[in-house]
Structure formats: structure tokens, C-alpha cells
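First comes the structure, then the notes that go with it.
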Amino acid sequence: MNINGHTEICGLIGNPVKHTLSPLIHNTLSELCGKNLVYVPFQVENGKLQDAIRGADALNLLGLNVTVPYKSDVIAELKDIDGLAKNIGAVNTLVRVEGGYKGYNTDMTGLYRAMQSDGIEIEGKDIVILGAGGAARAVAFLCISKGAERIYLLNRTYEKAAAITKEIREKTGQDRIVPMLLADYEKLSGKDYIVIQATSVGLSPNCEDVVISDENFYKKIKWGYDLIYKPSQTRFMKLVEENGGRAFNGLKMLLYQGIIAYELWNDVSISQEQAQTVYDALKEACYEQ
Ligand code: ATR
């Protein structure tokens, strides 16, 4: 790496940031693209978010990623915001524009691109989302915006699923989303569902946990997508596969949220081959220590 007067800087703001895989994604991309750009983590303490964004602007940083706990709070500091990110109410990528930054949600466009790369299309499909936290809420907005036929939002606490449904109906005018109690999964009468597991249940080290363990539920699933990437195969994924479906973890979503951010910052297009190289590096860092 040759750092000189032309080197551009991108980074991640959040707290904590020490566990992040984003520097690996972006610095590998810069190597592959021959860009003079470095990506570094910035730990931002509670109460310092506004200073951090103003500082980044003053220092002419090319772009930033934003992680927990600032994905919603950062919106107040932006010059502009992309439509999907605005609806979701969460931003993970800031792109330099005249006088500040524009916010995007590449977590969700990343999930979409990951699904497409696995041959899964949301448009016209019946989708089941497990969970009604921040992640599930974002997935529900994505599925609506990409033309899902019907979305069933299943949650242990019904009120949260109902609140998201109400909000989506108000914001988008779409009524193709149905809130359900998690325990009522037997009422799903269709088949060949795409199921997106958007709770934290099953996350390492609680690898044997799963929100629904009944095999009858899994028989209805054609594609199961777990947002968790550690362990590489969750119990949810195992149950999907044992019952004839195809299952994917969240590592490709992580990959593509980074790739889309990198493309926005640099006005480049990352090839399939380059994406694969970064994906291999991510897998090694994640699973082969
Ligand atoms: P995130 O922002 O990452 O989505 P979150 O907002 O804390 O995280 O949401 C966690 C989700 O996991 C919620 O849908 C939660 O269900 P409740 O709304 O009923 O709390 C779900 N969840 C967590 N533990 C669960 C469990 N043991 N069984 C079922 N759902 C669970």
C-alpha cells in the first residue's frame, strides 16, 4: 500500500467497531481496483455523532459506513437521503455530496443483490419474515419496494409486527403485508415460500437455537435466508435444507452491502470475479481462524 498525498479515506463510524470486517472488504476492493483509498474504523463515543459527521465533512472524507448505534440518529446529520433509506429510517452508508453527505441503506440493497446472485427473485413471491426488530422492519420495506406478492411478518410479540405493518401501509400505501403471531405459523397455507430469518436467534454461540423447530413449517420453504452469518450454517438453515429447500447465510449480504457502498463512493462497477475474491477473503476471516 502506497499512502501519499493523493490517498482518499473512507471509514466506519459506530461503537463498538473493533470487530468489523468492513476494512477487509474495502481495502481488498481498493487493491483489486487499483484505487489509492484506505478504509479505517472510527469509534465514535456517545454524544459525538454530530461532531464526527462535521469532522468527516471538514476533512473531506470520501465516504463513511455507519453501524450500531447510529444508523437512525445519523439521518439528522445528512444533507440528503435516498428514498428506500428514508422509508426504512436507517442509513449505513454516507456518500459525499456538495456540502455534506447523502445517506443510503446498502444493508438492504446488499441483501437484494445477494439474493439475486443466489438466483432468488423477490418480485411476485410470497415472503415470510421471521422477527419484527430493526432488521426485520428493513427487510419488510425492501420486499415491498421490490414487488413481493404478499409478506407475512411473524413475530413472538404480535404488537411489533402490527406496528411495522401499519407504518409500511401508511408510508407506501401498500397493503400486501400481514402481521402474524410467530406461534401461528401453521396458518400459512401456501408453499414455496421465501423465508427470511431476521431475528438474532441462533447467533453464535447459541447455535442450536431456532425460532420455529417444527419440520412441517420447513416443508413449505423453497428458499431460506438467514441474516446471521455466524455460524456459517444456523439450525434454521439446516432445517430448511433437511426439508428440501435451499438455505443461505448472511455473509453475502455483508459482502454486497460493502460492494454497493464502494461502488457509490468510487463510481465504479465491481465485477462478479472481484466480488468472489472479496467473498473468499471474508469466508477465511470469518470461519477459518
Ligand atoms: P435487530 O435490530 O437486530 O433486528 P431487535 O430489534 O432486538 O434486533 O429484534 C430482535 C428480534 O428477534 C425481535 O423480533 C424479537 O422478538 P420480540 O419482538 O418478540 O422481542 C426476536 N427474538 C429475540 N429472541 C427471540 C426468541 N427467543 N424467540 C422468538 N423471537 C425472538
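For the subset of region 174-199 comprising residues that are of a type in the set (G, A, S) and closer than 19 Å to R235 by Cα, which member is nearest to the ligand (Cβ to nearest atom)? Here the answer is A198.
Tell me, which residue of region 114-139 that is among the acidic types (D, E) and in contact (Cβ under 8 Å) with a residue 60 or more places away in the chain is farthest from P69 (Cα to Cα)? The qualifying residue farthest from P69 (Cα to Cα) is D126.
Checked against (1) in a helix (DSSP H, G or I); (2) under 21 Å from Y112 (Cα atoms); (3) within 12 Å of the ligand (Cβ to nearest atom); (4) hydroxyl-bearing (S, T, Y), T165 passes all but condition (3). Residue check: is G202 touching a residue at least 12 places away in the same chain (Cβ under 8 Å), touching a helix residue (DSSP H, G or I) at 6+ places or on another chain (Cβ under 7 Å), at positive phi and within 16 Å of the ligand (Cβ to nearest atom)? So G202 passes the test. Look at (1) in contact with a Pro (Cβ under 9 Å, 6 or more places away or on another chain); (2) modelled with pLDDT under 95 and you find that K160 fails only one, number (2). Within region 272-289, residues that are under 17 Å from I260 (Cβ atoms) sit with their Cβ atoms under 9 Å from residues that are among the polar types (S, T, N, Q), at 6+ positions apart or across chains, in these pairs: Q272/S117; Q274/T28; A275/S117; T277/T28; V278/T28; L282/T28.
Among the residues of region 184-205 satisfying the criterion of being of a type in the set (A, V, I, L, M) and not in a strand (DSSP E or B), which is nearest to the chain's Cα centre (by Cα)? Break it down into steps so the answer makes sense when it comes.
If we filter region 184-205 for residues that are of a type in the set (A, V, I, L, M), which is where we start, we get 188, 194-196, 198, 201, 203.
From the residues that got through so far, the ones that are not in a strand (DSSP E or B) too are 188, 198, 201, 203.
On the way: L188: 26, A198: 10, V201: 16, L203: 16 Å.
Filtering first and then ranking leaves A198.
Could you list, in sequence order, all residues of region 273-289 that are out of contact with any Ser or Thr (no Cβ under 8 Å at 6 or more places or on another chain) and polar (S, T, N, Q)? Correct list: Q274, Q276, Q289. Can you find even one residue in region 235-255 that is farther than 30 Å from G63 by Cβ, within 16 Å of the ligand (Cβ to nearest atom) and touching a Phe, Trp or Tyr at 6+ places or on another chain (Cβ under 9 Å)? Yes, because at least one residue in region 235-255 is farther than 30 Å from G63 by Cβ, within 16 Å of the ligand (Cβ to nearest atom) and touching a Phe, Trp or Tyr at 6+ places or on another chain (Cβ under 9 Å). Within region 1-55, restricting attention to residues that are surrounded by fewer than 17 Cβ atoms within 10 Å (Cβ to Cβ) and among the small types (G, A, S), the residue that is farthest from E263 (Cα to Cα) is G47.
The values are calculated or read from the model by the stated rules, or taken from the named source; none is laboratory data. Being a predicted model, the structure only gives us computed values, none of them experimental. Positions of Cβ are backbone-derived with ideal geometry, glycine not excepted, and every protein chain shown enters the neighbour counts.
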